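Chemist: Take this structure first; my questions come after.
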Amino acid sequence: QDKISKAVLEAELLTTGEIVPMVVTQSDDYPGARWRLAIVTAMFFGFLAYFFLGDFDPAWILWVQIPGLYIGYWLGTFSAVLRPFLESSKVDEEVHQRALQAFISLDLHATKDRTGILIMASLFERRVEILADTGINAKVSSDTWQGIVADMIGRIKSDDLTEGFCIAVRECGEVLAKDFPGSHDNPDELSNKVVIE
């Protein structure tokens, strides 16, 4: 955390922009995916009943599916089990939504020149989102952020989340310094600490 905070401080010396790094464990509970898992588990229980309780009343096949639903939904609390039941588009949507919520709640929209930028990593989803305020987006293309995201993800895949954040912070600082250079009157409007949720 100290290393990332230092990188933010150094990057913000070059720009009037405000960079906020954030790590979230999970962007959503994904109840839809958990119910898909529950239904698959219930059907599996039904198949087991069909093969092993063949001499019993067929109603047993239905009855054993009820605990299967509960067990399947509970299994959804384990990320490794739930992940195969996630839809990529839904994951992208939820991570983006979580980033938007954080952007507002952390007051990134309230900087003097609308130059706030959020760098958020969502661990469960294995996604990185960079959101910039309107002042920045008026001058910087979205492709720029995608390049920084790619660099950050490459470092994270090497199991170095800290360095991934530091690289992203430095690159964002360099981008912002071109259009929003620092000045003698350059207040630090937002905290440089890593937000962890």
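The values are calculated or read from the model by the stated rules, or taken from the named source; none is laboratory data. As the structure is a computational prediction, the values presented were derived from the model and not from experiment. In this analysis, Cβ positions are derived from the backbone assuming ideal geometry, glycine residues included, and neighbour counts consider all displayed protein chains. In case anyone asks, the SASA skips ligands and DNA or RNA and just uses the protein heavy atoms, side chains included. Shrake-Rupley method; radii C 1.70, N 1.55, O 1.52, S 1.80 Å.
Chemist: Can you tell me which residue within the stretch 142-157, out of those that are among the polar types (S, T, N, Q) and at pLDDT 85 or above, is most open to solvent (accessible area, probe 1.4 Å)?
Modeler: Gln146
Chemist: Only one of these conditions is not met by Ala59: (1) within 30 Å of Gly182 (Cβ to Cβ); (2) open to solvent by less than 70 Å² (accessible area, probe 1.4 Å); (3) aliphatic (A, V, I, L, M). Which number is it?
Modeler: Unmet for Ala59, out of (1) within 30 Å of Gly182 (Cβ to Cβ); (2) open to solvent by less than 70 Å² (accessible area, probe 1.4 Å); (3) aliphatic (A, V, I, L, M): (1).
Chemist: If you don't mind, there's one more thing I want to ask. Output the residues belonging to the stretch 159-172 that are open to solvent by 80 Å² or more (accessible area, probe 1.4 Å) and at pLDDT below 90.
Modeler: Pass one, the stretch 159-172, residues open to solvent by 80 Å² or more (accessible area, probe 1.4 Å): 159, 170.
Passing the criteria: only Asp159.
Chemist: Conditions: (1) surrounded by 19 or more Cβ atoms within 10 Å (Cβ to Cβ); (2) over 26 Å from Thr16 (Cβ atoms). Leu176 meets all but one. Number of the miss?
Modeler: Among (1) surrounded by 19 or more Cβ atoms within 10 Å (Cβ to Cβ); (2) over 26 Å from Thr16 (Cβ atoms), Leu176 violates only (2).
Chemist: Here are some residues: Asp113, Asp28. Which one is part of a loop (DSSP other than H, G, I, E, B), open to solvent by less than 60 Å² (accessible area, probe 1.4 Å) and closer than 27 Å to Met152 by Cβ? Walk me through how you get there before you give the answer.
Modeler: Numbers: Asp113 fails: open to solvent by less than 60 Å² (accessible area, probe 1.4 Å).
Every option except Asp28 fails the conditions.
Chemist: Go through the residues of the stretch 74-83 one by one and say whether even a single one is out of contact with any Ser or Thr (no Cβ under 9 Å at 6 or more places or on another chain), over 30 Å from Val195 (Cβ atoms), among the charged types (D, E, K, R) and open to solvent by 50 Å² or more (accessible area, probe 1.4 Å).
Modeler: no
Chemist: Pairs please, first residue from the stretch 84-100 and at negative phi and in contact (Cβ under 8 Å) with a residue 40 or more places away in the chain, second anywhere and open to solvent by less than 60 Å² (accessible area, probe 1.4 Å) and basic (Lys, Arg), Cβ atoms under 8 Å, 6+ apart in sequence or on different chains.
Modeler: Listed pairs, sorted by first residue: Phe85/Arg34.
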